[in-house]
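Worksheet: the structure to be examined is printed underneath.
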Amino acid sequence: MKTLSTILAICLFSMLSIPAMSASDQASAKRPKIGLALSGGGARGAAHVGVLKIIEEMGIPIDYVAGTSMGSVIGGLYASGLSPAQIEELLRTTDWDMAFKDEPPRTEQSQRGRSDDRLYLSNKIAGVKDGKINVPSALIQGQQFDFLLKSMTLHVANIHDFDRLPIPFRAVATDAVTGEEVVLGSGDLARAMRASMAVPGAFAAVEIGDKLLVDGGMANNLPISVVRAMGADIVIAVDIGTPLLKREEIGSLLGMMNQLTGFLTVRNSQQQIATLTSNDLLIVPALGTIGSGDFGKVMEAIKTGELATQEKRNELTQKFVSAGELTHKLVLTGEQAAKVKQSDLVALNEQDGAHKKGKPFSPPMIEFVKFKNNSVISEAMLRSHFGDMEGQPLDLAKVQHGLNRIYSLDAFQNVRYNLVQENAQTGIEVEAVTKSWGTNSLQMGLALSSEKDLGSSFNIGVAYSVAPLNAYNGQWRTGIQFGQDPILSSEIYQPLDPAADYFVYGRLAAGNTSQRSYTDDHADAEYSISRLGGQFALGKNFGTLGDIRLGIKRYRGSTEMIVGTENPYPNYDFKEGQLYLRSQLETLDSPNFPRSGYYARLEFDTSQSALGSTTEYDQVKFRSTAAKSWGDHTLIGTLSLGTTTKGEAPIEGRLLLGGFLNLSGFQPNALSGQDMALGGVTYLYRLHQSSILPVYLGGGLQVGNTWEDSSEARLNNLIKSGTLLIGADTPLGPFYLGYGHAEGGRNSIYFYLGRPWY
């Protein structure tokens, strides 16, 4: 009996010692666990937000979330504690065109980089490494999109176990080597979401651990099995995948490629749907023609998701609200739930990664900044471009600007940041990843034009750049151009300090340019002007606004008439020795099809015998461009002025007009004189809005002329010209097809892949 009484006493003591389960704990233990499986589908995934809005409104508790591709982004944000209303606001206010570009806004790039946009024919697509020409594995490396995801999940940056999020979460990716499903349940949430939606060819693959990961849609686009493995008893599955095309819709090569991709995602989604039971629920929003890339229609997709869920309201009530009622109404609904989630953000200084409800997010104090850098560029230059952030609260705008400035050095594939803890201090670790395809680059381009009665001209250019040359990111470029204006040149640009405030520039070149002579508005001769020589300049950058440089040019050459019966100017040899001062400021958002901003360039040249020049003369040249947009409509105004203020410029130094949008009816350099003026306005209509391939249709008017004496410049002798064009900003560079007509019956046709070079 004593032994029995002792056992009973121990049992009683144990029962008293165990904390009593609250009503909510008991109810949660009794009710079935509800899992949410969200499929991939690009922009169509915004429909998930509409589904979540109705689910929360009905008070249905979600215990687990698994998502693939865009489903992982929406699901991850929801699991991190954001309300559907907050996610909707993020989707609505995000600049998706900028998010899916790697290059930062041009206003955050150096003037050197912006000037390169005008000099070279194509974008830097091909890289050179170990003697081999390589291209990136994807169009988008994710520079801007990675930062966007990081910002959206900043409140849970220190939670590395996804089971410790407000709602346990899994992101589904695909192993790029084996094709097998990879379920991500730990690590950096933003990185996991990014890996899950790394569409092959569009987004660069993501390395996590020893795996190279791509979009999870190829392995499991609707992760019902994943959410069941997490512990879900019943599942709400939302399928927003793009359906297969009908036979008549396939049509093109692109259509067939989309169909082949669809085979993978649709088939594995159907396999997952087949596992659903009568206790589960499938929601398929009727997204119709909304495509995976239609991020401009995210609000329409959200509304469609709401409507689809409303149609399932009775089933949701029968299957899931009854389960939620077992919690004794513990789940708040509607506006209350949104308010709770807004206050439930996680403080970054929780070193153990635990999520504590009710503790509002506050930006941590940044105590240190460190760098992971595998390039030859010095840490001092990276630090100078990133900016001083130590001893200040975390400022995302400053961080993004700093990352963009480093990325603009044009040596890195990605520049990203992480918040890290060291010795009880919070800091920023900046990781700069060198371009895997090579930092040296190869560029090519093509320019064709044809003018009635004067024949055609063409130029084909190739340029090779070597960079970075040294710790201060020196750059050396060599180019050759074939055609009507053959040129061989080599130039170097070398910053002199870590901030690149000061620089030196040098160029050697040999080439020929063509130039016409006109009498009474009729071309009577064409000259070939050859040059050999170079220039050197010392310059200063004004942050990212512009630059100024002072330099000297020394060339020797000759002129020769190659077309014509009478020679207004004798053939002769010449020498050029010039001192020049040039300044330029720029805020244009694009050099190809600008929609906002301005560009201004002012240059003063003095040609002196003391510098070795055959002829003495001074010139002032000014050019400006300004753009303003309203929706898909853009107006671009241009003004160019030039005057010989002292002496008389020889034929090789005359001011030139002619070419595309430069009195388009005339061929390039068709008009020349001692003075020049040109004004123009161009209207562009954006036919197709896309971050990868925007297409424009437009037209413009220009008036201008050249004169032998400024006293001859009058309004009544300005030449009028018009332009029609269609163009696209392609990943290779700008494409233009244009037609120009000028007074006197002059007509020209232009085709450019890239821009005319020099």
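Descriptive notes on the structure:
- In region 362-375, the residues that are within 16 Å of His155 (Cβ to Cβ) form Cβ pairs under 8 Å with partners that are open to solvent by less than 30 Å² (accessible area, probe 1.4 Å) and of a type outside the set (A, V, I, L, M), at six or more places apart or across chains, as follows: Pro364/Thr426.
- Yes/no for Ser22 being at pLDDT below 50 and among the hydroxyl-bearing types (Ser, Thr, Tyr): yes
- Residues of region 627-641 satisfying the condition of being in contact with a Gly (Cβ under 9 Å, 6 or more places away or on another chain) and open to solvent by less than 50 Å² (accessible area, probe 1.4 Å): Ala627, Thr634, Ile636, Gly637, Thr638, Ser640
- Considered as a group, the residues in region 422-452 that are part of a loop (DSSP other than H, G, I, E, B), in contact (Cβ under 8 Å) with a residue 12 or more places away in the chain and not hydrophobic (A, V, I, L, M, F, W, C) include one that is surrounded by the most Cβ atoms within 10 Å (Cβ to Cβ), and that residue is Thr439.
- Residue within region 681-699 that is under 30 Å from Ser528 (Cα atoms) and free of Cβ contacts under 8 Å to residues at least 40 places away in the same chain present: no
- Positions within region 642-658 being crowded, with 21+ Cβ neighbours inside 10 Å and either closer than 29 Å to Gly733 by Cβ or in contact with a helix residue (DSSP H, G or I) (Cβ under 9 Å, 6 or more places away or on another chain) (or both), in sequence order: Gly642, Thr644, Leu655, Leu657, Gly658
Matching residues to (1) open to solvent by less than 10 Å² (accessible area, probe 1.4 Å); (2) at pLDDT below 90; (3) closer than 25 Å to Gln141 by Cα; (4) of a type in the set (Phe, Trp, Tyr):
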site: Ala202; (1), (2), (3), (4): no, yes, yes, no
site: Val206; (1), (2), (3), (4): yes, no, yes, no
site: Ile224; (1), (2), (3), (4): yes, no, no, no
site: Ala229; (1), (2), (3), (4): no, no, no, no
site: Ile234; (1), (2), (3), (4): no, no, no, no
site: Ala237; (1), (2), (3), (4): yes, no, no, no
site: Asn258; (1), (2), (3), (4): no, yes, yes, no
site: Thr265; (1), (2), (3), (4): no, yes, yes, no
site: Ala274; (1), (2), (3), (4): no, no, no, no
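- Selection status of Leu419, outside any loop (DSSP other than H, G, I, E, B), modelled with pLDDT under 90 and hydrophobic (A, V, I, L, M, F, W, C): no
- Complete set of residues in region 406-418 that are open to solvent by 10 Å² or more (accessible area, probe 1.4 Å) and within 19 Å of Ala467 (Cβ to Cβ): Tyr407, Ser408, Leu409, Asp410, Gln413, Asn414
- The listed residues are Ala626, Ala649, and the only one of them that is of a type in the set (A, V, I, L, M) and under 34 Å from the mean Cα position of the chain (by Cα) turns out to be Ala626.
- Any helices (runs of 4 or more DSSP H) falling wholly within region 312-397 and containing at least 1 residues that are modelled with pLDDT of 50 or more and more than 30 Å from Leu496 (Cβ to Cβ): 313-316, 322-325
- Screening Thr93 on (1) touching a residue at least 12 places away in the same chain (Cβ under 8 Å); (2) surrounded by fewer than 21 Cβ atoms within 10 Å (Cβ to Cβ) shows it passes everything except condition (1).
- Meeting the requirement of 1 or more residues that are surrounded by fewer than 17 Cβ atoms within 10 Å (Cβ to Cβ) and at pLDDT 85 or above, the strands (runs of 3 or more DSSP E) wholly within region 660-758 are 675-688, 695-707, 719-730, 733-742, 746-753.
- Residue within region 35-54 that is in contact with a His (Cβ under 6 Å, 6 or more places away or on another chain), of a type outside the set (D, E, K, R) and either open to solvent by 50 Å² or more (accessible area, probe 1.4 Å) or at pLDDT 90 or above (or both) present: yes
- Which numbered condition Leu403 fails, given (1) surrounded by 15 or more Cβ atoms within 10 Å (Cβ to Cβ); (2) at pLDDT below 95; (3) part of a helix (DSSP H, G or I): (2)
- Which listed residue, of Gly483, Gly479, is at pLDDT below 95 and open to solvent by less than 10 Å² (accessible area, probe 1.4 Å): Gly479
- Scanning region 557-611 for residues being more than 43 Å from the chain's Cα centre (by Cα), closer than 22 Å to Leu532 by Cβ and open to solvent by 40 Å² or more (accessible area, probe 1.4 Å) gives a total of 13.
- All positions within region 501-526 that are of a type in the set (Gly, Ala, Ser) and at pLDDT 95 or above: Gly506, Ala509, Ala510
- The sole residue among Arg595, Arg654, Arg601 that is of a type in the set (Lys, Arg) and closer than 22 Å to Tyr696 by Cα is Arg595.
- Within region 471-504, the residues that satisfy the criterion of being within 18 Å of Met381 (Cβ to Cβ) and either in a strand (DSSP E or B) or aromatic (Phe, Trp, Tyr) (or both) are Tyr472, Gln475, Trp476, Ile492, Tyr493, Gln494, Pro495, Tyr502, Phe503, Val504.
- Looking at Gly76, Gly81, just one residue is more than 18 Å from Ser225 (Cβ to Cβ), part of a helix (DSSP H, G or I) and open to solvent by less than 10 Å² (accessible area, probe 1.4 Å), and that residue is Gly76.
- Evaluation of Glu57 against (1) more than 21 Å from Phe147 (Cβ to Cβ); (2) within 19 Å of the chain's Cα centre (by Cα) (one fails), failing number: (2)
- Candidates Leu409, Leu396, Leu382 - the one that is in contact with a helix residue (DSSP H, G or I) (Cβ under 8 Å, 6 or more places away or on another chain), within 19 Å of Met98 (Cβ to Cβ) and of a type in the set (A, V, I, L, M, F, W, C): Leu396
The values are calculated or read from the model by the stated rules, or taken from the named source; none is laboratory data. For clarity, every value in this text was computed on a predicted model and none was experimentally measured. With ideal geometry, Cβ positions are generated from the backbone for all residues, glycine too; neighbour counts draw on all protein chains shown. In case anyone asks, the SASA skips ligands and DNA or RNA and just uses the protein heavy atoms, side chains included. Shrake-Rupley method; radii C 1.70, N 1.55, O 1.52, S 1.80 Å.
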